[in-house]
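Written below as structure tokens is the structure these notes are about.
Values in this text are rule-based calculations from the coordinates and carry no lab data. What you see is a predicted model; the values in this text were computed from it and never measured. Because the Cβ atoms are built from the backbone with ideal geometry, glycine has one as well, and the counts that use them run over all protein chains shown.
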Amino acid sequence: MQTTFTLKTHGQGLTEFTGQVAQWLAGRGDGLLTLMVRHTSASLLIQENADPDVQHDLYAYFAKVVPPSSHPSMGYLRHTMEGPDDMPAHIKATMMPVTLSIPVQMGAMRLGTWQGIYLFEHRDAPHTRTVAAHFAAD
């Protein structure tokens, strides 16, 4: 069984979509859920969903590790035609997962108490992103 989740981002940062996935899975039984972001400048994460400071700190960390291509430390980059955020977005997407596998039991994801599913947008501008989902029942 497959579907696609469409997410609107507000620029760089994390967008949680755990609820949408849980609603789609409800009543589906046991199996394995696979999610894949269909873009090369965004990532997927399972991360804490209780304290918003976690998402803020993750964004701040990756902004520091991979600054815009206009930053002097990034002068070696060649792919700059799509703006100073584009190549750094591709780099960040190689550092984080673009697919997730999540066990499902009785139609519910086996996530921990404080875990949520996030799309991590790496571009500055808002985007509409799609995440392909596949549920394989036992």
Contact order relative to length of the chain, as percent, for alpha carbon pairs under 8 angstrom and 6 or more apart: 55
Cα principal axis extents for the stretch 2-137, largest first, Å: 52, 29, 21
Quickly estimate the mean residue ellipticity at 222 nm for the chain, helices only: each DSSP H run with n ≥ 4 gives -39500 (n - 2.57), and the total goes over all residues, rounded to 500. -7000 deg cm²/dmol
Pairwise centroid distance, computed over Cα atoms, of the stretch 120-138 with the stretch 3-39, Å: 7
Give, rounded to the nearest 20 debye, the magnitude of the charge dipole that the stretch 2-137 has about its Cα centre when Lys and Arg contribute +1 at Cβ and Asp and Glu contribute -1 at Cβ. 360
